[in-house]
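Participant: The structure under discussion is supplied below as structure tokens; questions concerning it will follow.
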Amino acid sequence: MRTHTLLAATALASLITAPGLAQTAAPQNASPGAASQQLEDIVVTAERRQETTQKTPIAITAFSGDTLQQRGVSSSTDLNNMVPGLAVGNNGSGSVQIAIRGIGSTNDTEVGDPAVAFNVDGVYMARSRAAIGALYDIDRIEVLRGPQGTLYGRNATAGSINVITKRPTDKFEGNASLDYGNYNNLQTSGMLNVPLTDTLAVRAAFQTSRHDGYTNNGRSSNFNDEDTQAGRLQVQLTPSETFKALLSVDIFHEGGVGYASAPIGQYAKFGSPYTYPVSADGSLNHTNKGVSLTTDWDLGFATLTYVGAYRTDTDHTHGGSTQSSTCAAPSGALCASSIFRSDEDQMSHELRLANSDGPLKWVTGLYYFKENNDVLFALDPIAGITSLAFVQPVVTEESKAAFAQATYSLIDSLRVTGGLRYTEDNKARTGATEAFGHIVGNTYVGGSPLYLNDADLTWHSTNWKVGAEYDLAPDSMLYASIGTGYKAGGYGDGQPPNNNPYQPEKLTAYEVGVKNQFMDKKLQLNLTGFYYDYQDFQVSAIGQVAGQASTVTVNAGTAEVYGVEVEGAALLTQSDRVDGSVSYIHARYTDFVLATGDVFHPSSAAVYIGNTLAKSPEWTINLGYQHMWDLASGAMITARVDSVYVGDQNLDYRNFAVTEQKAYTKTNLSLAYDDADRRWRVMAYVRNLENNAVLVVANPDTNGSGNRLAGSGSYAPPRTYGVRVSANF
């Protein structure tokens, strides 16, 4: 009943608010340093064809590269709470956890899959570490909410973040910027685009970023610092009007002291969430690099697209740990340092054939993905001798898929859509958990096996989508869809059948929405209602295997998620703009019982029915205001304020008080000056004006018998401020 009421209310609201007043097209990707008569209308490719966000019949939020620069977005974690229902946070060990509408994945180990796909120029990034350093020289970012299976190579249960970089053009141009702020933050970036011939162009871009640590460990180093360098080189060949090819090579390196989780609850004894003990200085050495080839061939009746990529991700980290009560004690003297090494490579191929002309628009494709990984994680309480080591030299994942989707116009104002996808996934591993091994230089010498870690599992899934869209007026569209999503299962430590295998999660999503532009595109209002029926929802946390700490993933029986999202923007005058969003989410486990208990219920069943899903605040409200002053010289001053309110939320499925983040606000301010020719800009900014310490990841202590009053977590950055100077030529 709640589903039908929600959908009916949303549809009724759309009819009331859609008088169809808009008349003319809006400028695309307008510069934030220029006054506009209309709201910008970003062209996206979320449905594998070019159309504006207002004409795309799904829940999508897009940001142009200029907007990202203005709001200080330089990594995926900066997107946190900028989109209705989107939560992005670093887990305290270098991986990024992304959730949309309360749906995410906390198993960011080598055997887990993200619920939100992260794609750069159409290439799926398998490991969440790869999402840290991709956001420079960006054309746009598209955030798609809801399952994305029938249009994309790799299935995404909760949604997808698509990063589209700027491609080489036929114009000689370049830019450079320098940013300096507190914590000795220094960020540089630049781009140079060179057309070599009429058919060949090259584009090179880079970004560096460093700052001192936000965390004081009471000794000689600051953890949670940054020291990154990234570069990208693209070559585009357009030998004819019907064929083009783009070759892209990129590299990202991350160094510095590294990450450390913060003690929370009873273990947080220092008064400040940014001060806690870590016994040993850490070091981070993470490199992600790859090469991709994208070709488009216009065959007349359709376009044939190929996207192939090969990537490697190497992470060799040595750092302190705050995962246990002994480590989180005030002295920190018994903290165990840790060694993590991951050498991963991935290969993907996607072949699509698509037609976007005429009443029938369609796309069909084949996808293949293969990942190999060699992983070592060792605790090192006494130099050179490990107390515990996870040695996994062979970890593989393979995915094959065929997909198709078509949209047909019954009449000019009414279109229907259908899609289908078949997927086969395989995951395997060979390794062991060992004790009393040795670290000799940079080499691990095996110790005594405690137990073997083996697995070889395969799953198959067929998913579908049906939908319809209707133009209520030239600039008002009503749409509705029903679709399914799927995410492969997996395994834990141990040998079959005692290696804690878990099943794929399955989702049925119902969505209805309306997109409106009024007053000659000076006012925009979008409304979305959704309902999710989840089966076997995967939840992960640190648990116990044979008396040792290990990531354990289990299936919740069923979960129910529904909500409403409102996004809007308005040009009050030629110089004044307001924009914002409101998100309401109800996310609960309706059937979640662990019959054999867990570390917090050692002698009885663990019942989590009625608990909220992690990272699903009931209310999230964003509001932004921007004013521009035109000076007599032709120069311009732009002031902007953005503020977000996020309601109470729990960051762990068990919903203990220690992992709860209370409601908070965050406010960002910026003031920019653009010269008359719009060739250079100076901007001052403040982020997190309130200086709130916000938990983004949290887990209760699962060591020993379990302590639900203490644990570890990760905090978003404190208040930061600085000045950025940029120039175009």
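The values are calculated or read from the model by the stated rules, or taken from the named source; none is laboratory data. For clarity, every value in this text was computed on a predicted model and none was experimentally measured. Quick reminder, even Gly has a Cβ in these numbers, built from the backbone with ideal geometry, and neighbours come from all protein chains shown.
Participant: Picking from Ser189, Ser160, which residue would you name as being of a type in the set (S, T, N, Q), closer than 30 Å to Phe530 by Cβ and in contact (Cβ under 8 Å) with a residue 24 or more places away in the chain? Give the steps one after another, and end with the answer.
Facilitator: Values: Ser189 fails: closer than 30 Å to Phe530 by Cβ.
Step by step, each of Ser189, Ser160 is checked, and only Ser160 is of a type in the set (S, T, N, Q), closer than 30 Å to Phe530 by Cβ and in contact (Cβ under 8 Å) with a residue 24 or more places away in the chain.
Participant: Looking at the range 389-401, is at least one residue basic (Lys, Arg) and crowded, with 21+ Cβ neighbours inside 10 Å?
Facilitator: Residues of the range 389-401 basic (Lys, Arg): 400.
The next check asks that each one be crowded, with 21+ Cβ neighbours inside 10 Å; those that pass are none.
There is no residue in the range 389-401 that is basic (Lys, Arg) and crowded, with 21+ Cβ neighbours inside 10 Å.
Participant: Residue by residue through the range 532-560, note down the ones that are in contact with a Ser or Thr (Cβ under 7 Å, 6 or more places away or on another chain), surrounded by fewer than 20 Cβ atoms within 10 Å (Cβ to Cβ) and either of a type in the set (Asp, Glu) or at pLDDT 85 or above (or both).
Facilitator: Asp533, Gln535, Thr558, Glu560
Participant: I've got another one for you. Here is a list of conditions, (1) at pLDDT 95 or above; (2) touching a strand residue (DSSP E or B) at 6+ places or on another chain (Cβ under 7 Å); (3) surrounded by fewer than 19 Cβ atoms within 10 Å (Cβ to Cβ), and Leu709 meets all of them except one; can you say which number that is?
Facilitator: Going through the list (1) at pLDDT 95 or above; (2) touching a strand residue (DSSP E or B) at 6+ places or on another chain (Cβ under 7 Å); (3) surrounded by fewer than 19 Cβ atoms within 10 Å (Cβ to Cβ), Leu709 breaks only (1).
Participant: Mind checking whether some residue in the range 324-341 is closer than 30 Å to Asn285 by Cα, surrounded by fewer than 16 Cβ atoms within 10 Å (Cβ to Cβ) and either at pLDDT 80 or above or among the acidic types (Asp, Glu) (or both)?
Facilitator: no
Participant: Tally time: how many residues in the range 346-355 are within 14 Å of Trp297 (Cα to Cα) and surrounded by fewer than 17 Cβ atoms within 10 Å (Cβ to Cβ)?
Facilitator: Number of matching residues: 1.
Participant: Follow-up. Taking the condition of being among the β-branched types (Val, Ile, Thr) and either touching a Lys or Arg at 6+ places or on another chain (Cβ under 9 Å) or more than 21 Å from Ala87 (Cα to Cα) (or both), how many residues in the range 118-168 meet it? Steps first, answer last, please.
Facilitator: Step one: list which residues in the range 118-168 are among the β-branched types (Val, Ile, Thr), which gives 120, 123, 132, 138, 141, 143, 150, 157, 161, 163-165.
Going one step further and asking which of them are either touching a Lys or Arg at 6+ places or on another chain (Cβ under 9 Å) or more than 21 Å from Ala87 (Cα to Cα) (or both), we end up with 123, 138, 150, 157, 163-165.
Result for the range 118-168: 7.
Participant: Give me the pairs: first residue in the range 54-73 and in contact (Cβ under 8 Å) with a residue 24 or more places away in the chain and buried (at least 20 other Cβ atoms within 10 Å of the Cβ), second residue β-branched (Val, Ile, Thr) and part of a loop (DSSP other than H, G, I, E, B), beta-carbon distance under 7 Å, and six or more apart or on different chains, which are they?
Facilitator: From residues that are in contact (Cβ under 8 Å) with a residue 24 or more places away in the chain and buried (at least 20 other Cβ atoms within 10 Å of the Cβ), the pairs are Thr61/Val83; Ala62/Ile42; Ser64/Ile42.
Participant: Further question: For a quick check of your reading: which strands (runs of 3 or more DSSP E) sit entirely within the range 422-531 and have at least 1 residues that are surrounded by 15 or more Cβ atoms within 10 Å (Cβ to Cβ) and small (Gly, Ala, Ser)?
Facilitator: On the way: elements: 438-440, 443-445, 448-473, 476-487, 505-518.
Counting at least 1 such residues, we get 448-473, 476-487, 505-518.
Yes/no per residue for (1) out of contact with any Lys or Arg (no Cβ under 9 Å at 6 or more places or on another chain); (2) at pLDDT 95 or above; (3) under 18 Å from Asp576 (Cα atoms); (4) hydroxyl-bearing (Ser, Thr, Tyr):
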| residue | (1), (2), (3), (4) |
| --- | --- |
| Gln626 | no, yes, yes, no |
| Leu631 | yes, yes, yes, no |
| Gln649 | no, yes, no, no |
| Glu660 | yes, yes, no, no |
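Participant: Check Phe270 against each of (1) surrounded by 18 or more Cβ atoms within 10 Å (Cβ to Cβ); (2) more than 28 Å from the chain's Cα centre (by Cα); (3) farther than 30 Å from Thr199 by Cβ and name the one condition it does not meet.
Facilitator: (1)
Participant: Still on this model: Between residues in the range 23-50 that are modelled with pLDDT under 50 and residues that are among the polar types (S, T, N, Q) and in a loop (DSSP other than H, G, I, E, B), which pairs lie under 7 Å by C-beta distance while being six or more apart or on different chains?
Facilitator: Ala26/Gln38; Pro27/Ser36; Pro27/Gln38; Ala30/Ser36
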